[in-house]
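To start, the structure under review is shown below, and the notes come after it.
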Protein chains: 2
Amino acid sequence: MARGVADTEMIRRQNRELILGVLRRSGPLSRSEIAIETGLSNATLTTIAAEFVTQGVLIDLDAPAEEAKARGRPSVKLTHNRKAGYILLIELDVTRCRLSLLDYGGVLVDRVESAVTPSTFAESPAPHYLAERIQLIYTRNTELADRLYTVAISVQGILYPDGSGMKWSPIAHFAGLDIVSPLQARFPITVKLYKRGRLMADGMRWLEPELTHKTVATVFIGSTVGMGLTFPDADRFDSDIGTEFGHMIHIPDGALCRCGAHGCIEAYAADYGILRSAYSVPARTPPAHAVPPGDFQQIITQARLGDRNALHAFNLAGSAIGYGLNRLMSIFEIGRIIILGPGTAAYDLMLSSLREGATSSLMGGINGLPPVTLVADASEPVYRGLLMKALTELDRNVFAAMNQQAQSVAE
Amino acid sequence: MARGVADTEMIRRQNRELILGVLRRSGPLSRSEIAIETGLSNATLTTIAAEFVTQGVLIDLDAPAEEAKARGRPSVKLTHNRKAGYILLIELDVTRCRLSLLDYGGVLVDRVESAVTPSTFAESPAPHYLAERIQLIYTRNTELADRLYTVAISVQGILYPDGSGMKWSPIAHFAGLDIVSPLQARFPITVKLYKRGRLMADGMRWLEPELTHKTVATVFIGSTVGMGLTFPDADRFDSDIGTEFGHMIHIPDGALCRCGAHGCIEAYAADYGILRSAYSVPARTPPAHAVPPGDFQQIITQARLGDRNALHAFNLAGSAIGYGLNRLMSIFEIGRIIILGPGTAAYDLMLSSLREGATSSLMGGINGLPPVTLVADASEPVYRGLLMKALTELDRNVFAAMNQQAQSVAE
DNA sequence: AGTATTTTTTTAATACTCGAAAAAATCATT
DNA sequence: AATGATTTTTTCGAGTATTAAAAAAATACT
């Protein structure tokens, strides 16, 4: 039920993971510092560190440029051996596809970017499209022949339960295919799909360490409405949570959403929904394909000037999100809300109706609206989240799991 | 971040837990059977089993009444030493309070039952009331002087984040007090509060083992609407999930709920809500205090005879629950729905509107309504859930954690 | 050059699992 | 009744972990 048999190999793996973990969180550290941080003894640190160095996973940082030269034997900081392995991040959204190759130290090595249009994946099926670009990365970076271990892809939409592809995606012709298997068959890599909303929440945890012990909900407001949820310490709890907040039904048979359903939160709170209400377009009118940022900005300006229709549109949006949070808070206790994306610019206009919606239930009333933080640029937490997912995956599944006989990974 | 330092003591604790776990799941087993089941070697089983027997946690079952006498050395089944420890279960709801004392083998030893009324906890504060009854159990069962380890209490309502008491409870004067600390101060026991909805879901997992790898949502429909959610393998994931489904807002500013808010699911789908709609009582009318089972049954009968108002009431109820599930399914993927309680009798009357509500969104439409099971008697899974919580708590925190020097627990 | 100080490594002790061999406990057969 | 076959359980030795404590290493200070 819980875990399987425990033996001494597991001890070592677990302690190796522990060490890579603190190194990942708090820069280069000396053996003693790691010992203190992890609770392991110095003796163990000597052993495991030696193992890591032999295997080429970590290296001694001999930049001796210490701060105030202390007495005693100088400490030697350990740090990631950048050549130990490589990761590839793929950020995929409705408009672009960006591949970033990074080394084990998290340093950018190569980058490929291309535009995505509704016809992109009709012309070249997604697995093929991605394989071609990955091949380009391999060709341009010969050093990673067998050292590219893991590919992390950020997507939006609904995953198959086994994570092999998408059941639904806002990107045309992207859903319905097995993405993971063809890539894993062609290249010697582990491929994983991650939901953008979830990455946002994870990324925020790395960017704001004080969130560690809280349940965090991130809400993206922009051309869509997305959410991510992460739970304290549930590092391993990778089940598909915070899935499609934007497509939670706010009002049965309500406004028409891009997804085809009626009454989704998104249909009221995404840019196109706000635009529609602000210009009193009937709520059943099919949504605009894309809203130019200027148009959205203009509605904000109008609302600030007191325009009734614009104010009303933001009220509807706030209310949709507020009730959505309300419904969420009927299920979890949420410790912190982070709102990201272009919608943050209009947060003040939505606040009162958002709060009203969020607190109008038993749970919402008792617990109140949790503290809210605004983060205008959503791409940073997504990138950070994706990066850390890939690196910790490498830490855990490749380098922590190596046994003593393992060959050195570096030349 | 993950776990702490791993050492050899942890190995032993973990393997002990593993053994107690399979024993808990699959009756008495011989050492070899346990070895096969857990993956541990026979040698290890000899060692650990000897330890357990010395400590009085397990005993050799010498009932030799084997089935077909096989050749070879006969196997000796290990089973729980019933005298190793005791647990106390307290089921508390709006009408009664029942204490059940069980031994480590799960056998009922003593039981105390009393009625609860709205004035009960006004006259005797809850911690005092419970302490008195626990004292009675101690007095009547002298053998458990220092062998009662854990008390598990089933409650309804909203817990404090630290689990020490209730923020809100449907039982008058029960909320707002620290329940756990006074009891732990007075008796040498571990006290924990568990939410009834959650126990239902957990209990169903024990009753139907094929649920193991699914996300299960249990929905109680009766005088309230409650929910429990459990996730596959998330044995340890004890955070407070599935909290107040019944008080999720279905329709903003809708029907008046017992909790004082407007538009809760409960206000449409609990017995009082159905009654109210069936008799066309205005939805803002304060709900009846308790609905006699006969009255509820009568509405079912009327609906089956084609009474429009009764049918409409069940439609509203089904719709409320359907949209609630819909909203839930926008956040998790749910693999199985189990409906419990008196409301199951009217499930067929609610089904079409329930399904319509559940599948009207993007997620609901794509995934469809998961398989639904009906269980009329909700008290069995609650009791089972509570029992297994207490026993596994004992297994894990007391008996798995004992070290080699530990004294024997049995005389 | 010698001493103080801090980090890192070595050493010895202990705990745990495992595979293989040995022992134990029964049935089957002669 | 004795011997053999068979299955379960125990014993034993080897291998791998961790840790505390002692030793060694590497530097600053005097």
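Here the protein assembly as shown is treated with +1 on each Lys and Arg Cβ and -1 on each Asp and Glu Cβ, and its dipole about the Cα centre works out to around 20 debye. Hey, with R₀ at 25 Å, roughly what FRET efficiency would B:H289 and B:L136 work out to, going by the Cβ-Cβ distance, to 0.05? Computed FRET efficiency for B:H289 and B:L136: 0.25.
Placing the label point 7 Å from Cα along the Cα-to-Cβ direction, what are the distances from B:E208 to the equivalent spots in the other copies, shortest first, in nm to one decimal? In ascending order, 4.1 nm.
Where the centre of each part is set by its Cα atoms, how far does region B:114-143 sit from region A:148-170, in angstrom? The distance from the Cα centre of region B:114-143 to that of region A:148-170 comes to 54 Å.
Its Cα gyration tensor gives the protein assembly as shown an equivalent ellipsoid, and the semi-axes of that ellipsoid, as √(5λ) in whole Å with the largest first, are 43, 42, 24. Placing R0 at 41 angstrom, the Cβ-Cβ distance between A:R304 and A:T8 gives a FRET efficiency of 0.05 after rounding to 0.05. Evaluated at q = 0.06, 0.09, 0.11 Å⁻¹, the base-10 log of the normalised Debye intensity for chain A, with identical point scatterers placed on the Cα atoms, takes the values -0.29, -0.64, -0.90. Expressed as a fraction of 2.2 N^0.38 Å, the value expected for a compact globular protein of N residues, the C-alpha radius of gyration of region A:8-80 is 1.09. Each copy carries a label point for A:G106 at 7 Å from Cα toward Cβ; from one copy, the others' points are 4.8 nm away, ordered from shortest.
Structure remark: mean-square fluctuation, Gaussian network model of chain A, C-alpha springs under 10 Å; the largest value among A:G21, A:G165, A:G72 belongs to A:G72. When both bridge partners sit in chain A, DSSP labels roughly 60% of those beta bridges antiparallel.
In summary, the lysines within cross-link reach of B:K77, defined as a Cα separation below 29 angstrom excluding same-chain residues under 8 places away, comprise B:K69, B:K389. Shown is the FRET efficiency for B:T95 and B:S26, computed with R0 = 30 Å from the Cβ-Cβ distance and rounded to the nearest 0.05: 0.25. In order along region B:24-38, the phi-based Karplus estimate (6.51 cos²θ - 1.76 cosθ + 1.60, θ = phi - 60°) of 3J(HN,Hα) comes to 5, 6, 10, x, x, 9, 7, 4, 5, 4, 5, 4, 5, 4, 8 Hz; Gly and Pro are listed as x. Counting Lys and Arg as +1 and Asp and Glu as -1 over every other residue whose Cβ lies under 15 Å from the Cβ of A:P182, the net charge comes to 0. For the protein assembly as shown, DSSP calls about 60 percent of its internal beta bridges antiparallel.
All other residues whose Cβ lies under 15 angstrom from that of B:N326 are scored, Lys and Arg at +1 and Asp and Glu at -1, for a net of -2. What is the sum of charges around A:L144, taking Lys and Arg as +1, Asp and Glu as -1, for the other residues whose C-beta is under 11 Å from the C-beta of A:L144? Summing Lys and Arg as +1 and Asp and Glu as -1 gives -1.
Distances between equivalent label points of A:H128 across the copies, with each point positioned 7 Å along Cα→Cβ, amount to 8.0 nm, shortest listed first. Going from the residue with the fewest nearby Cβ atoms within 10 Å to the one with the most, A:R396, B:R205 rank A:R396, B:R205. For region A:51-110 and region A:290-365, compute the distance between their C-alpha centroids and round to whole Å. Cα centroid to Cα centroid, the span is 41 Å. Among the GluC sites (Glu not before Pro) in region A:1-105, those located in a DSSP loop and surrounded by at most 16 other Cβ atoms within 10 Å of their own Cβ are A:E66, A:E67. Over chain B, DSSP H runs of length four or greater, each weighted -39,500 (n - 2.57), average out per residue to a 222 nm ellipticity of -11500 deg cm²/dmol.
Read-outs throughout are calculated quantities, based only on the coordinates presented, and are distinct from any laboratory measurement. On a predicted model such as this, the values are computed, not experimentally measured, just so you know. Positions of Cβ are backbone-derived with ideal geometry, glycine not excepted, and every protein chain shown enters the neighbour counts.
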